[in-house]
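The values are calculated or read from the model by the stated rules, or taken from the named source; none is laboratory data. The structure displayed is predicted, hence computed values, not measured ones. Counting neighbours? That spans all protein chains shown, and the Cβs are built from the backbone with ideal geometry, glycine included.
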Amino acid sequence: MNLEKYILAVITTNKNKVAAGTGVFYCDSKQEMESVTANLEAILDGIAHGLSDELYVIVKH
Amino acid sequence: MTEFTLPIAFGIFTGTFSRLLMLRTDYRQYPTYLHGKIIHVALGFIASGLGAVFGPAIIQEEFTAITFLTVAASQFREVRNMERNTLTELDNYELVTRGKTYIEGIAIAFESRNYLVILTALVSTLAYLLFNVWIGIIVAIASMILSHYLMSGGKLKEIVDIEYVEPRFDGAGLYVDNIYIMNIGLPERQKEVLRYGMGFILKPKSFNARATIANLGQRQAILHDVSTALGVYRDSGTPALVPLAKRDLDDGRVGVFVLPQDRDIEKAIKVIGDVPTLENAIRMSTEKVGMKNES
């Protein structure tokens, strides 16, 4: 099955921003968030998009 | 040996020779070296054989020979299918895909070149039979020149102005001039994109050109050609590093974002200018009645 335009993971430092629905990764700092995002981007073969300073999503295109 | 042997041999020779002239392996690396070429030279030989026997058949009043040409037509439609299937299969393994429109354009070219071979063989045999070998040679050369003229299509630089623009980030958004390309989140990735990325603005020269470069297949062809000629900073598993072309909805300009390994602006502009305008992407909006003066 091919996924198109699907959010694979959400990475955030602000728990209030995200409830649930997909893989959510809470991080303590911006550095941690960036390294987790970089890793997930490679693992999931998606593109890391920045929605705000404290919220990244990984999307399969 | 009959009176027709020499003219037919002459026709087959000129036909095959004209196929060789039209068979050029360039930066696109298609047809591939040697084996791919042999297939097309062999098919060109068959095509010229079909064209060459047509003249003698008409002179012998064997008019049913025309049904031969229908065989040729279905034979070469098959060539087009073959090319399309091969290229579509291979396209999955390209770092930057050719796109279906480009593939269809290549497939059409292969089919039509075989018809040009038939034409060359037919007219040169006929000229040999009706006049003499010298007239035959002149006619053969003329039809080869005609074939050469018919097979070369337009280039992108004829319909657009190309300008280099440094890509930039506005927040997470990547822009070429004022055209939004994509959202890249990671600062690390953004640095990479700025280091290797190049932006170009294609400004259409006419209303027709605007519709032509809006075609997604045409834009993919640009990205593919640039990536082939200048290399591409990309691998599987790095979907963020993807060349893209997006359109300014207001005035129809297209922003091209590429990641070449050879960052030579002059060369890149030349490569983009030499991208063929794909037959299937060309639009003639102004040909519509009453639209002539609005472009």
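Restricting attention to region B:172-190, the residues being over 31 Å from the mean Cα position of the chain (by Cα), more than 7 Å from chain A (Cβ to nearest Cβ) and polar (S, T, N, Q) number 1. The residue that is surrounded by the most Cβ atoms within 10 Å (Cβ to Cβ), counting only those in region B:196-215 that are more than 18 Å from B:ASP170 (Cα to Cα) and of a type outside the set (A, V, I, L, M, F, W, C), is B:THR212.
Sort out which residues of region B:167-183 are at pLDDT 90 or above and aliphatic (A, V, I, L, M), and write them in order of number. Correct list: B:LEU174, B:VAL176, B:ILE179, B:ILE181, B:MET182.
The set of residues from region B:237-280 being basic (Lys, Arg) and in a loop (DSSP other than H, G, I, E, B) comprises B:ARG253, B:ARG263.
Scan region B:144-163 and give yes if some residue there is within 14 Å of chain A (Cβ to nearest Cβ) and buried (at least 17 other Cβ atoms within 10 Å of the Cβ), otherwise no. No; the residues of region B:144-163 include none that is within 14 Å of chain A (Cβ to nearest Cβ) and buried (at least 17 other Cβ atoms within 10 Å of the Cβ).
Look at (1) over 30 Å from B:ILE8 (Cα atoms); (2) crowded, with 18+ Cβ neighbours inside 10 Å; (3) in contact with a Ser or Thr (Cβ under 7 Å, 6 or more places away or on another chain) and you find that B:ARG84 fails only one, number (3).
Once region B:216-233 is narrowed to residues that are surrounded by 19 or more Cβ atoms within 10 Å (Cβ to Cβ) and touching a Ser or Thr at 6+ places or on another chain (Cβ under 8 Å), the residue that is nearest to the other protein chains (Cβ to nearest Cβ) is B:GLN220.
Yes or no, residue by residue, for (1) in a loop (DSSP other than H, G, I, E, B); (2) touching a residue at least 24 places away in the same chain (Cβ under 8 Å); (3) of a type in the set (Asp, Glu); (4) farther than 11 Å from A:VAL57 by Cα:
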| position | (1), (2), (3), (4) |
| --- | --- |
| A:GLU4 | yes, yes, yes, yes |
| A:ALA9 | no, yes, no, no |
| A:ALA19 | yes, no, no, yes |
| A:GLN31 | no, no, no, yes |
| A:THR37 | no, yes, no, no |
| A:LEU40 | no, yes, no, no |
| A:ILE43 | no, no, no, yes |
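Within region B:97-127, the only residue that satisfies the criterion of being closer than 30 Å to B:ARG234 by Cβ, at pLDDT 90 or above and of a type in the set (A, V, I, L, M, F, W, C) is B:ILE103. Scanning region A:6-21 for residues that are away from chain B (no Cβ under 13 Å) and surrounded by 15 or more Cβ atoms within 10 Å (Cβ to Cβ) returns A:THR13, A:VAL18.
Against the test of being free of Cβ contacts under 8 Å to residues at least 12 places away in the same chain, in the same structural domain as B:SER48 (by TED's automatic domain parsing) and of a type in the set (S, T, N, Q), the options B:ASN132, B:ASN114 yield a single qualifying residue, B:ASN132. Restricting region B:128-162 to residues that are closer than 22 Å to B:ARG84 by Cβ and among the aliphatic types (A, V, I, L, M), the residue that is modelled with the lowest pLDDT is B:MET151.
Among what's in region A:22-48 and is in contact with a helix residue (DSSP H, G or I) (Cβ under 6 Å, 6 or more places away or on another chain) and closer than 23 Å to A:LYS5 by Cβ, pick the residue that is farthest from the other protein chains (Cβ to nearest Cβ). Here the answer is A:PHE25.
Against the list (1) closer than 30 Å to A:VAL57 by Cβ; (2) crowded, with 16+ Cβ neighbours inside 10 Å; (3) away from every other protein chain (no Cβ under 14 Å), the condition B:VAL193 fails is (3).
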